[in-house]
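Step one of this worksheet: look at the structure below.
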Amino acid sequence: MKQIYTLLLFMMAAGAAFAQNGKIAGQITSSDGKPAEQVSVGLKGSSKGAISDEKGNFTIEKIKAGNYTILVSFVGLETQEKDIEVIAGETVNVLFTLSESANQLQEVIVKSGNLYKSDQVSSSLKLLTPILETPQNVQVVTSKVLSDQQVISMSDGLIRNVSGATRVEHWGDLYANITMRGSQIQAFRNGFNVVSSYWGPLTEDMSFVDHIEFVKGPAGFMLANGDPSGLYNVVTKKPTGETKGEFNLTTGSFGLYRAALDLDGKLSKNGKLLYRLNAAGQNKNSHRAYEYNNRYSIAPVISYQIDDKTKFTAEYTMQYAKMSDVGSFYVFSPKGYATLPQDFTVMPPGLEPTRIKDQSLFLNLQHQISKEWKVTAQVAYLNYQQKGSSMWPNSVAPDGKIRRAVGIWDAKSEMTLAQAFINGDVQTGGVKHRILGGIDIGSKNYFADWSQSHPLDTLGGLFDPLAPVYAAPANGYPVFDRTLNLEARAVKGGGTIDQKYTGIYAQDELGFVDNKIRLTVAGRYTYVSQSAYGGTPESAHHFTPRLGLSVSLDNNTALYALYDEAFLPQSGRLAGGGNVKPITGSNRELGVKRDWADGRWNTTVSIYRIVKNNELTGDPNSGPNSGLSVVLGQKRAQGVEFDLRGTIVKGLNLTANYAYTNSEVTKVTEGVAGIQVGEVVPGFAKHTVNSWLSYKVQNGALKGAGISAGFTYLADRATANWSQTNSSMNLPNYFKLDGGLFWEKDKLRLTLNAFNILDKYLYSGGYYQWLNAYYWQSEAPRNYRLSLAYKF
C-alpha cells in the first residue's frame, strides 16, 4: 500500500510539473505564401528547438512558463526574432513570413539528402513559378541523382535521367553535344548561353555542379537566344551558410583515380559573408590504348548579404584538361559497324596531347525591392583556350587499310555576357500577375586554326587494322607551324566566329480563379550581328511571341498548352556561297503534370511538334573537315515524352522516362543534293527508354545498405550524319544495363557501381559516302567505379 501511495504522489507531482509547462506551435511561410520546410526554430539561450515540416508547421513542447525570444533561421538568410510569453498549460501560436520566395529557398534547402525530385527551378531561369504550374516541360537532375549514379562530368551518363536525350556525335569527354527533340540543344550555365561554336563548351566537372535543369522547347523569352528543341542549364554550387565539408575518393576501371573536395562555410561571425570552395583532380585512361583524359578544376564562390534585401555573389571556375588527341575515339572500316575489336584504336603512342584551359567568372547582384518585387543583375566572362589536334583519315581503302592524318586544332573562345531582369507579383481585382521583364546583352568571339594537316602514314605504308603496328608513324609525327598567333592563323584559315546580340523581353502570367487558371503572354525582341569563317558580317532582328496556358485540376494536377517561337543565329560557310540566315522555329505542345504521394514523386507527359527553318547541316558531298554547310530547308520533330522521378516510398527512389521522337525533313532547299523530303533527321533514336532505381534499407542489421540498377534502351537509331544511303546505314538498337551497391552511415558513404553489366559492344556512329566507310565510337566494356565519401 505504501508503494501505491508513493506512486500516486509521484504522478500528482509530475502532473503539477507538466501543468506548469506550456507549448509553442506555429507556421513558417515564404514571401509568396508557400510553406517553408526545414527552417530551424529555437529559443534564445536554450537548447530547445524544432524544424518546420513540409507544411511549414513546427511544435516545441514542455516549455516552462515565462518570457522568451523565439528565433527562426535558415541557411544563408537573416535570422528573425519574436518575443513571446509562454503560459502554463497553454499553447502559444506564432506565425513567421520569410522575405524569400519558395523559389529562392529551394536553391539552398537540403532535404535529408534523398531528393530525386525538385519542385522549383533555380532563380537563374528567371521564373518564380513552380514547375507544376509552368506551361512547359522542365526536368531537373538533382545532386542526389548525380551522386548515386557516380556522374563525374556532363558527358558521363547524365542524359539517362531526361526523356529523349541522346549523344551520338560525341567527342569523348570534350563536349557534351546533347540531342533532344530532333536537334542539338543549347548549353547554359547559371542562366547564360555559353555556346560559342558548334563544339563547345568544355564539359563541366560535376565537382562544382549542384544540379542540371533541362528546359524542353523554345526558351528564348527567359534565356537569350534559344533553339526550338530546348536547352540544359548547369547550376553551380553556392554557399549555404552551413559550416560543412565533404571529401570524395573514386577509383575505377581503366586507371581512374579521382579526388574531390567541397568546403562550405562562413567568413564572418554574423553569417553575412559566406564561401564555397570545390576542387577536383583526376587521372583517367580508356578501354582504348594510349587514350587518357587527365584534368583538374577549382571553383571558389563568395556571397555577401549586404543588407536584409541585397545579396552579392561572385564565383570563379577554372578547368584544366590534358587529354589525348580528340579524334582518336573514332574507328573506320568499309566492312560495317563493329567489325573491329571493341578496344581497337588508330591512335599512335607519342602523339602530342591536347591541352585545354577553361575559365569563367560570374557576378550576381539580387535586390528585393519590396515583398512583391525583386531585381537581378548579373554578368559573366568566359575564356576557353585549346592547343591540340584531331585525327581523321585521309582515305580508307576497300580492303580496310587507312591513311591516318592529324589536323591542328588550336582554339580560343571569349565571351562577355550580361543580364538584368525584374520579377514581380501584382494583384488587379481578382487577377494575380507574375511579371518578368529584362534585357540580355552578349558578345562572343571564337578563333580556331584547322588549316594544317599531317598524314601519319605514307601511300606505300598504310595502317592495317587487321595487323596494326603501334610504333612511330611511317611519316613521322606532325610539327605544326605556330609562328603566328592563334588569332592571325584563324583569320588566315577562315576559322573565326563573331556574334553580338541584344534582346529585351517581357512576360505576364495572369492567374484567374484563385490562380487555378494561369495564362502566360510573353514576347521577345532580339537583334544580332555576326560573322563566321571569314564571311561578311550579317545582322538580323526578330520578334518571338509566347503563349501558354496552365490549369490546375486540383492541388496536385495541372494541364498545360504552349505555343512558342524561337530565333537562333547560326554560323557557317555555305558550299554554294551566299549568306547564312538565323534559324527560326515554332513549338506547339500539350502536357499534363501530376504530383503523387503528397508530392514525393511526380510525372510529366507531353506531346509536341517543332518546326525549324533555315538550319545548316554539313555538306553531304564534302568531308567532315571541309567546314562547308548547306541550308537544309525545313525539318519537323514531333513526339511524346514521359518522365517520372521522386521517392516512391521511403528509401525507394526512382527515375524513369520514355520518349517517342519522329524527326524528318519536310522541305529541301533548291539545289541541295543528297537530302530528300521524308528522310529521317540524323542523330536521334525514335524510341528512348531509361530508368534508375535506388533502394536503401531503413531498419535492421542492414540499415543504410542499398542497391541500385538502371538501363538505357534506344530503338530505331538514325546515323550521326547525312549520306545518300542513310536509310540503309542506320545504327542497330542499343541496350545498356548498369547497377551497384552502396552503404552509408553517419558521415560515411561507400558506393560501388558496375556499368555495361552485360558486357555488350555498344557504339554510335554513321556512314560517310566520301570515304566509302562506316565509322563508329565504341563505349567501354563492363567496368566499375568505387567511391568513398566522408562528410565533416
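As a summary of the residue check, Thr536 satisfies the conditions (1) farther than 18 Å from Gly430 by Cβ; (2) in contact with a strand residue (DSSP E or B) (Cβ under 8 Å, 6 or more places away or on another chain); (3) not hydrophobic (A, V, I, L, M, F, W, C) except for the one numbered (2).
Scanning the stretch 325-376 for residues that are surrounded by fewer than 17 Cβ atoms within 10 Å (Cβ to Cβ), small (Gly, Ala, Ser) and closer than 29 Å to Leu127 by Cβ turns up just one, Ser370.
Number of residues in the stretch 396-427 that are assigned to a strand (DSSP E or B), farther than 30 Å from Arg489 by Cβ and among the acidic types (Asp, Glu) equals 1.
Residues that are of a type in the set (A, V, I, L, M, F, W, C) and either assigned to a loop (DSSP other than H, G, I, E, B) or assigned by TED's automatic domain parsing to the domain that holds Lys432 (or both) within the stretch 112-142 comprise Leu115, Val121, Leu127, Leu128, listed in sequence order. Being within 30 Å of Trp409 (Cα to Cα) and either surrounded by 20 or more Cβ atoms within 10 Å (Cβ to Cβ) or at pLDDT below 95 (or both), is that true of even one residue in the stretch 652-663? No - not one qualifying residue is present in the stretch 652-663. Restricting attention to the stretch 291-316, report how many residues are assigned to a strand (DSSP E or B), in contact (Cβ under 8 Å) with a residue 40 or more places away in the chain, surrounded by fewer than 17 Cβ atoms within 10 Å (Cβ to Cβ) and acidic (Asp, Glu). Counting residues in the stretch 291-316 that are assigned to a strand (DSSP E or B), in contact (Cβ under 8 Å) with a residue 40 or more places away in the chain, surrounded by fewer than 17 Cβ atoms within 10 Å (Cβ to Cβ) and acidic (Asp, Glu) gives 0.
Sub-7 Å Cβ pairs linking a first residue in the stretch 349-376 that is closer than 13 Å to Met318 by Cα to a second residue that is of a type in the set (A, V, I, L, M, F, W, C) and surrounded by fewer than 19 Cβ atoms within 10 Å (Cβ to Cβ), at least 6 apart or interchain, are Gln359/Met318, ordered by first then second residue. In this structure, Leu249 qualifies as in contact with a strand residue (DSSP E or B) (Cβ under 8 Å, 6 or more places away or on another chain), touching a residue at least 24 places away in the same chain (Cβ under 8 Å), assigned by TED's automatic domain parsing to the domain that holds Tyr330 and in a strand (DSSP E or B).
Does any residue of the stretch 221-234 turn out to be out of contact with any Lys or Arg (no Cβ under 6 Å at 6 or more places or on another chain), surrounded by fewer than 22 Cβ atoms within 10 Å (Cβ to Cβ), farther than 24 Å from Phe543 by Cβ and in contact (Cβ under 8 Å) with a residue 24 or more places away in the chain? Full working, then the answer.
Residues of the stretch 221-234 that are out of contact with any Lys or Arg (no Cβ under 6 Å at 6 or more places or on another chain), as a first pass: 223-227, 231-233.
Right, trim to surrounded by fewer than 22 Cβ atoms within 10 Å (Cβ to Cβ) and you get none.
Looking for residues that are out of contact with any Lys or Arg (no Cβ under 6 Å at 6 or more places or on another chain), surrounded by fewer than 22 Cβ atoms within 10 Å (Cβ to Cβ), farther than 24 Å from Phe543 by Cβ and in contact (Cβ under 8 Å) with a residue 24 or more places away in the chain, one finds none in the stretch 221-234, hence no.
Of everything listed in (1) farther than 24 Å from Leu547 by Cβ; (2) modelled with pLDDT under 90; (3) surrounded by 24 or more Cβ atoms within 10 Å (Cβ to Cβ), the single unmet condition for Gly182 is (1).
If Thr376 satisfies all but one of (1) of a type in the set (Val, Ile, Thr); (2) more than 25 Å from the chain's Cα centre (by Cα); (3) modelled with pLDDT of 95 or more, what's the number of the condition it fails? Just one mismatch for Thr376, condition (2). Scanning the stretch 331-338 for any residue that is β-branched (Val, Ile, Thr), assigned by TED's automatic domain parsing to the domain that holds Gly766, assigned to a strand (DSSP E or B) and modelled with pLDDT of 95 or more turns up nothing.
Quick one: is Leu562 among the aliphatic types (A, V, I, L, M), crowded, with 16+ Cβ neighbours inside 10 Å, assigned to a strand (DSSP E or B) and at pLDDT 90 or above? Step through it out loud before you land on a result.
On the way: among the aliphatic types (A, V, I, L, M): yes; crowded, with 16+ Cβ neighbours inside 10 Å: yes; assigned to a strand (DSSP E or B): yes; at pLDDT 90 or above: yes.
So Leu562 fits the description; yes.
Does any residue in the stretch 479-499 that is in the same structural domain as Leu628 (by TED's automatic domain parsing) come within less than 6 Å, Cβ to Cβ, of a residue that is basic (Lys, Arg) and surrounded by 12 or more Cβ atoms within 10 Å (Cβ to Cβ) six or more places away or on a different chain, and which pairs are these? Final answer for the pair search is Leu486/Lys412; Gln499/Lys444.
Among what's in the stretch 568-584 and is at pLDDT 75 or above and not in a strand (DSSP E or B), pick the residue that is farthest from His541 (Cα to Cα). Break it down into steps so the answer makes sense when it comes.
First, pick out the residues of the stretch 568-584 that are at pLDDT 75 or above: 568, 581-584.
Then drop every residue that is not not in a strand (DSSP E or B), which leaves 581-582.
Values: Lys581: 11, Pro582: 9 Å.
Per the stated criteria, the residue is Lys581.
Can Val331 be described as among the aliphatic types (A, V, I, L, M), closer than 30 Å to Lys444 by Cα and within 30 Å of the chain's Cα centre (by Cα)? So Val331 fails the test.
The values are calculated or read from the model by the stated rules, or taken from the named source; none is laboratory data. Here the structure is a predicted model, which is why all the values come from computation and not from measurement. Reconstructed Cβ throughout: ideal geometry from the backbone, glycine too, with neighbour counts over all protein chains shown.
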